[in-house]
Structure formats: structure tokens, C-alpha cells
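Following: one structure in C-alpha cells, then a few remarks.
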Amino acid sequence: ARAAALEAKVSEIQAAAAERGAGGLSLTAPAPQPGDGYGLGRSALAEEIAAWDVDVLPDGRGLPEGRGDVFTGEEKFAEACASCHGDFAEGVGNWPVLAGGFDTLARKDPVKTVGSYWPYLSTVWDYVHRSMPFGQAQTLSDDDVYAIVAYILYSNDLVDEDFELSHENFADVEMYNADGFVVDDRPEREYTGWRVDPCMENCKETVSITMRSTFLDVTPEDGGESVMNDASAGSGPVFTAVPAQDAEAGTEAPASDDALIGDGERVFRKCRSCHQIGEGAKNRSGPLLTGVTGRTFGTVDGFKYSDAFEEAATEGRNWTEEEMAAFLENPKEHMPGTRMSFAGLKDDADIAAVIAYLKSFDG
Amino acid sequence: AGGLAGAAGANGADPLITETQDWAIYTGAGVDETPYGLPIRFEEDVVRRNVEWLTASPISSINFTPIHALDGTITPQGCAFERHHSGAIELRKEDYRLMINGLVATPLVFDYTDIERFPRENHVYFCECAANTGMEWAGAQLNGVQFTHGMIHNMEYTGVPLRTLLNEAGLGAAGDLADKWVYVEGADASSNGRSIPMEKALDDVLVAFKANGEALRMEHGYPVRLVVPGWEGNMWVKWLRRIEVTDMAVGSREETSKYTDVYEDGTARKWTWVMDAKSVITSPSPQSPVRHGHGPMVISGLAWSGHGQITRVDVSRDGGMSWETARLGKQGDSKALTRFYLDTTWSGEEMLLQSRAMDETGYVQPTKTQLREQRGENSVYHNNCIQTWYVNAEGVAENVEVS
């Protein structure tokens, strides 16, 4: 009794909460925004904007005047960049490799360098100018940046050794992967296919482990390197869909009913030329079948039945599942005199499926 | 009956109850001992961790939120993951300046006090690095949900809508806003800059200065950072110093050479900003094994979607053959973490645990197979696959992949 009282109290609280939610009973209001602003802040001065607004756009806007050649760039690169990126921009340790990697993008572990991957030269200039060298950002002169970028292009075989890069020829440099990018197309390619009702039961026959974690302990308590995992994929368990002893219970599950109903819908195609079912169903050459299970034979309003069905109606025979199954298997044998010209369903599974389908409209 | 499975079911009387304990005799800490508190020392393992060999230097690197040890949805600032490109900087409020320039009527400079004078809002949002779960593209790698899914945090932000600041500078000069962009950059040495389409900038982007009620931590961009709800964490520029209205995407290093997704044929997707629906079981998981006996068990995890609200999470214990719908905990805003629970029982059977999130657009979190069919294994970013934990009869959990 206490449990029942508690349960009642909980559902009362939940109902009240749901009501508050449904009524949108939130007092939260967005920040106001007058059209003419608040008059806060001050105008930025031209020299302030010039100091901070140094980004360079893909079309070259934002570049300062200047120039630098490959030869100078090699010197500057050795001084400022090579400790991390290597003398030939090949990368040191985990630091980024800047050169090569052409034709690796479609391979396992692509090598994404300025040469193989970066679509815009403006990005290289902007990044070197603004964020490099690591730990000494914004210390390079504009000409140094032109020279270093020229050397990076040279190390990627994109220009010759006598090349000089300047604000004048900047736009003429062609980047290898300029056309290698497409705008996010997940909505068309993925979302349409993945916005579906997910499977709940019997989604796979068996499941086994195909791969186990490469590492066992990523950050050991007492320090030191990550610990690798010795276990192999084959040593794991195999899960099977329906364990033998549960096989019967499995057919009772609601989701397998759904599958059965789906099968039944396909079987019902054979019936559709004469029978309608569901909301707004009407009598055709056969009576409407909405709510047929458990109904007394021959009692759909407005349908003109054969004598055989009229007789069954007076006897009070009901459409039990057994009656339905027998009728569907061989209509003329089960109900001699029926006007239904259908030959019958040979497959018991089809009969069970279509009965499930008919029952699904009983609600 | 419940007592049988619990620790209190020990033989004989429990001395923790029958004997008077020290803490019941002597006094504890005074209110003047810890002006700003830390978690009790028994929780000292609940910390951010980094993986040394992942990056060249811890200054340009990432660490991971200990999501295996948290519950609810709000991430405490002190253990919320960090990602820096040139280290976390100390920038005083007094030294803080924010510039708005480019295609605006009046380029403006604000100081910190100006920011706090604009009408502000509070919202809870998740911030997920685009590379979260990125190590798992080529297979099960790291044994721990902190490492596979810990590049995420979820906080209540206080901030000024970006549209308010843009309006202050006047967007009339920009003409048609449809093809305009906002370029945002930070004050640190990496000056990490990203381009955001104007439509998003005018929608729900916040210029935030408080998180979970207190000032931002240094490592999260003190004193002011950008909050770009539902979109990849790299765009949430920290130490925000400049907002420029432009007529094209800048194509900065962080939006071309990085944070673009390479597919099997070598072409790459760019402008993949939104973080798709995703979920993961945080307990049990490799760092949070089943430590109790058979009987009642709570399976718990987190779900989120950059497209809006989480509407449902299903849990499978058999590697995806069958699913049960989990119970959702209290939800935050749209684009915030949602906690889910499956209240169940465990009899020591081996499990292949998975969770599967659905969001308000009807999107269903994909399997690893589905993702790889679309993108191959070289994408690095945006891996929102269904994760599997193998839990053995002892309750030990391991990161695995299944057929």
C-alpha cells in the first residue's frame, strides 16, 4: 500500500512537471537589443587596426609589400624554423613536416604538408607571419616571411631555386591541392540516410570482438610509457542473437511483432484489390477489415454477405485467430459458399504474418 | 535482500558503525583554512590527463576531461579539458582589449568593463574538440573513455550575444549579410583565427566571460572567450581580441590545413563545423569498471548533439543485437550535454556495452562501419561513432571493436 501511495505521488509530481514544461513556463528572457546600440566602446584608431588586422585573404588582400627569394629563405629557415621542421622541411620528431607527401592523400595515414594539402598560399604567409616561429611569434620581418615562404615552396618542388616571392607575383603561384576540398556535404550524404527509426531487436545474428584496444593503460599511475595490450581479438566472447532457451520468448517481443507486421503488410498486397483496412477504410468487393479480429462473422455494416456468412453471423461465430488461419489457408473449404475468389495462403508464416498485420489495426 | 549485494553485508557487526570513529570525536577543518576549495584528497585521481606521445610539445597540445568519474552534466572548470596552440596565457582584465573592425560602420575597441555593461545571457553548452575520438578512426586505440571521449566539457556560460556587439559597430556597412563572414582571433601567440558565417554569428554565438558562475579559467580563455554552440571547439576562440567582418572566409591555418576531413579518395571536406549527435557510456568503462557484486547496476553516460536537443538514447548490452531505451537525466539547453541512465541488474554476464543517441532532427548516431563506409579511416576529425566497451565476468571493461 505504501509502494502504491509512493507511486501515485511520483506520478503526480511527474504530471505537474510535464504540465509546467508543456506550458513553456520559463521566465527566461533573451538579452534586449536596441537598434541604435548602447554607445559603449570607442572608435578604433587606424594605427590600432593596422597593428592587429594582419590576416591575409586567399585572394591576397591584406599582404604587405615586400619580397624574398629561395636562397635567402633557406638561410632564414635554417635559423628560425629548422630546429622543429628540419633543414629540408621534413619535420623533426612529432613536429609538422612541411614538404612532400604528394599523392599520399588517398593512402593510409596521408602526409598533409604545405605542398600536398594546403589549398592557399595566403594561409602559409599568414601563419608564418603571425604565429611562427613557435615561441617567437610575430618577430619576422615581412621580407623574411616572403623568403621563408619561397623556400617552403621550393622544398615542395613547386618553384625553382631562383624563385623570388613578392606581393606582385603572389597570386600567380598555383597550389597543388587547391581543388582538393568540397564544402561540408554531410546533410546530403549522411543525414538523409541516418535519420531513420533505429533497430531495437534482432539487429544482428551474432556479435564478436574484431579488435581490442591497442593500449591497455594509457597513463600509468607511476608514470612511464603507455602500456600496450596483449589480448587478441579472437580471445573475446561471441554473442549470439537469441540463446536457445530464450527462443520462444523471443517471438513474444514487441519488436519482432513489428517485423511480423511488416511481413504481413507485404502479404496483404494480395488482398488489397478487394479489402481495405485502417483509417477511412471502406467496403469494396470485400468488407473492410479494420478491427476484424474477434468480430462476429458477417457483421460489417453495409456489406452484402453470402448466405454462408449470413448463417455464420446468426450462429455467432467469431473471427478468432484459429478461424482466420483456417479460412486464409483454404477459404472455399473452410466457408463453403463464400464469394471470396481467393485461393488461399500456402505458407503458415504468411498466414501468421497477415493475421498480425490485421490485428495491428484493432487498436 | 538489497543488503546482500552491498558492502554492508559483511560478516558480523561493522566496526565502522559499532566503534566510535576519529571524525566523530575530533574537530575538522575551520572555515578559514581553504578560501578557495579543491576536491577532497580522496578524489585526487579525478584530474585532466594528457598523453605525452600524442603531440610534439605540451604547449601545443591537449588534455582530457575525466568524464569516467563525473556525473550529471556540468563539467567543473578545474578538470575541463584544455587545448592550446601556443600555451595558456595570463591576460589581466585591465590589459584586455576587444576590437571589432572590417565591414562595419564604426570600428570599435572595448575594454573589459564595457563587455560587462551589455545585456548578457546564461546558457549551458557543450564544447567538443573536432578531434575527440579521432584516435579511434583506424581502430580501438586508447583504453579509457577519458582518452577516447574526454575532449569535451559542458558549462553554464554568461556572456553577451555576439550580435549585440556587431550591432554596436553597425552592420549596415556590410550590405547583404548572406555572404558575409566574421573572422575571430585570439590574443595568444598562436592567434588562432577562424571564420564563422554571419548567419551563425547572428544566431547563438556568445562573447563569454563567466563559466559555471565564476570567471573563466586561464586555460579556457580568461578573461573573454567565444562560445559557438554546437560547433567544433577550435572555433571557440580563447582570449578573444578581434572580430572582423569580412566578405570571404579567411582560410586560416586552422580551417584549411587543420580541421578539414580527408576522405578515402583523398578529397577533403571543409567547413565541417557542426558536431553531430554522439553518446558514450562513461560507467562502466575501462577506467570505471564494475566494482560491486551482482544485482542492481546503473549504466550511465553522456549524449550530445550540435544540432539541438537529445531526444533519446538507447543502450545495448550485446554489441548492438538488441537495444533498450535509457532514462534521460535533467537536460540543459539545446546543444548541451544530456546524462542518461539505464537502471538494470547484472549477474556477472559478459557484456558488449554500446550507447546510441538520437537528436531532435531524427539523426541516429552511426556505427563505426557506417562512418567508415562514408569517410574511410583518415578523417581525424568528427568521429561520432558508437563506442563499444567489453565488460568481462569480473567487471573489467576494455575498449574494443565488434562485428
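The values are calculated or read from the model by the stated rules, or taken from the named source; none is laboratory data. Values in this document were obtained by computation on a predicted structure and should not be read as measured data. Neighbour counts run over all protein chains shown; Cβ positions are idealised from the backbone, glycine included. Please note that ligands, DNA and RNA were not included when accessible areas were found on the heavy atoms of the full protein model with its side chains. Shrake-Rupley method; radii C 1.70, N 1.55, O 1.52, S 1.80 Å.
For segment B:190-241, the convex hull spanned by the alpha carbon atoms encloses 84 Å³ per residue. Under a 5 Å amide H cut-off, with hydrogens placed 1.01 Å from N, A:L216 pairs with A:V227, A:M228, A:N229 among residues at least 5 apart or on other chains. Less than 5 angstrom separates the built amide H of B:W346 from those of B:G295, B:M297, all sequence-distant by 5 or more or on a different chain. For the pair A:S166 and A:S43, the difference between a 0.36 nm per residue extended length and the Cα-Cα distance amounts to 41.0 nm. Taking only the C-alpha atoms of segment B:75-172, Rg followed by Dmax gives 18.3, 53 Å. Per the Debye calculation on segment A:250-359 with a single equal scatterer at every Cα and no solvent contribution, log₁₀ I(q)/I(0) for q = 0.14 Å⁻¹ amounts to -0.55.
Springs join every pair of Cα atoms under 10 Å in this Gaussian network model of chain A, and among A:P32, A:P64, A:P119 the largest mean-square fluctuation is at A:P32.
Within the accessible area of segment A:161-249, the carbon and sulfur atoms contribute 48%, probe 1.4 Å, all protein chains present. The residues of chain B have, on average, 37 Å² of accessible surface per residue, using a 1.4 Å probe with all protein chains present.
Other protein chain C-beta atoms within 10 Å of residue C-beta, averaged over A:178-188: 5. Every pair of different Cα atoms in the protein assembly as shown enters the Kirkwood calculation, which places the hydrodynamic radius at 30.5 Å. Could you identify which residue out of A:D36, A:D142, A:D197 has the top mean-square fluctuation in a GNM of chain A using Cα springs shorter than 10 Å? Of A:D36, A:D142, A:D197, the Gaussian network model singles out A:D36 as fluctuating most. Ranking B:H294, A:H85, A:H167 from most to least accessible surface, computed with a 1.4 Å probe over the protein chains only, gives B:H294, A:H167, A:H85.
Using a cut-off of under 11 Å, list every residue of segment B:381-396 whose amide N is near the label point 7 Å from the Cα of B:W53 along the Cα-to-beta-carbon line. Counting backbone N atoms under 11 Å from the label point, the list is empty. Relative to the longest principal axis of the Cα atoms of chain A, the long axis of helix A:348-359 makes an angle of roughly 90 degrees. Report the local net charge at A:E48: Lys and Arg +1, Asp and Glu -1, summed over other residues whose C-beta lies under 12 Å from its C-beta. Computed value for this residue: +2. Once the partner protein chains are put back, segment B:169-196 shows a loss of at least 10 square angstrom of accessible area, versus the chain by itself, at B:Y183, B:E185, B:A189, B:S190, B:S191 (probe 1.4 Å, ligands and nucleic acids excluded).
Using a simple spin-label model with pseudo-atoms 7 Å out from Cα toward Cβ, A:D157 and B:E199 lie 4.2 nm apart. Note the angle between two axes, namely the Cα long axis of helix A:2-22 and the longest principal axis of the Cα atoms of chain A, as a number of degrees from 0 to 90, rounded to the nearest 10. Rounded to the nearest ten degrees, it is 60. About its Cα centre, segment B:278-400 has a charge dipole of approximately 360 debye under the convention of +1 per Lys or Arg Cβ and -1 per Asp or Glu Cβ, with nothing else charged. Angle, helix A:121-131 long axis vs. longest principal axis of chain A, Cα atoms, 0 to 90°, nearest 10? Compared with the principal axis, the helix lies near 70 degrees. The length gained by stretching the chain between A:E79 and A:D301 to full extension, at 0.36 nm per residue less their Cα-Cα distance, is 70.3 nm. What residues in segment B:354-384 lose 40 Å² or more of accessible surface when the other protein chains are added to their chain alone (1.4 Å probe)? Going by heavy-atom accessible area, the residues of segment B:354-384 that drop by at least 40 Å² are B:Y363, B:V364, B:Q374, B:N378.
Accessible surface ranking for A:R212, B:R339, 1.4 angstrom probe, highest first: A:R212, B:R339. Restricting segment A:142-211 to GluC sites (Glu not before Pro) that sit in a DSSP loop and have at most 15 other Cβ atoms within 10 Å of their own Cβ leaves A:E161, A:E168, A:E174, A:E205.
Excluding B:F209 itself, calculate the net charge of residues whose Cβ lies under 10 Å from the Cβ of B:F209, where each Lys or Arg counts +1 and each Asp or Glu counts -1. With Lys, Arg at +1 and Asp, Glu at -1, the net is +3. Expressed as a fraction of 2.2 N^0.38 Å, the C-alpha radius of gyration for segment B:266-368 is 1.17.
Leaving ligands, DNA and RNA out of it, rank B:R49, A:R339 by accessible area with a 1.4 Å probe, largest first. It would help to have the intermediate numbers written out before the result.
Details: B:R49 60, A:R339 150 Å².
So the residues, ranked largest to smallest area, are A:R339, B:R49.
Of the accessible area of segment B:79-269, computed with a 1.4 Å probe over protein heavy atoms only, carbon and sulfur atoms account for 46 percent. Ligands, DNA and RNA are left out, and with a 1.4 angstrom probe the accessible area of chain A is 58 Å² per residue. Considering only A:G193, A:G302, A:G60, the mean-square fluctuation computed in a Gaussian network model of chain A, springs between alpha carbons under 10 angstrom, is largest for A:G302.
As a check on your grasp of the helix formula, calculate [θ] at 222 nm for chain A: sum -39500 (n - 2.57) over DSSP H runs of n ≥ 4, divide by the residue count, round to the nearest 500. If you can, show how the numbers build up before the last one.
Values: 12 runs with 123 residues, N = 363.
Rounded to the nearest 500, the figure is -10000 deg cm²/dmol.
Computed with a 1.4 Å probe over protein heavy atoms only, the accessible area of B:Y381 comes to about 20 Å².
Once the Cβ-Cβ distance between A:R189 and A:E265 is put in as r, and R0 is 35 Å, what FRET efficiency do you end up with, to the nearest 0.05? Provide the component values of the computation, followed by the final result.
Details: r = 30 Å, r/R0 = 0.85.
E between A:R189 and A:E265, to the nearest 0.05, is 0.70.
Loop-located trypsin sites (Lys or Arg not before Pro) across segment A:255-327 with a Cβ neighbour count of 15 or fewer within 10 Å are A:R269, A:K270, A:R272, A:K282, A:R284, A:R295, A:K304, A:R317, with loop assigned by DSSP. Buried area at the A:B interface is about 8200 square angstrom, summed over both chains, from accessible surfaces computed with a 1.4 angstrom probe.
If I take R0 = 51 Å and measure r between the Cβ atoms of B:E43 and A:S285 in this structure, what FRET efficiency does the formula 1/(1 + (r/R0)^6) give, to the nearest 0.05?
Working: r = 75 Å, r/R0 = 1.47.
Calculated transfer efficiency: 0.10.
The length gained by stretching the chain between B:A393 and B:T325 to full extension, at 0.36 nm per residue less their Cα-Cα distance, is 22.1 nm. Per-residue shielding of B:254-262, expressed as the average number of other chain Cβ atoms within 10 Å of the residue Cβ, stands at 5. Seen from A:P187, the other residues with C-beta closer than 11 Å to its C-beta sum to a net charge of -2, counting Lys and Arg as +1 and Asp and Glu as -1. Take the Cβ atoms of B:T267 and A:F88, set R0 to 30 Å, and the FRET efficiency comes out at 0.60.
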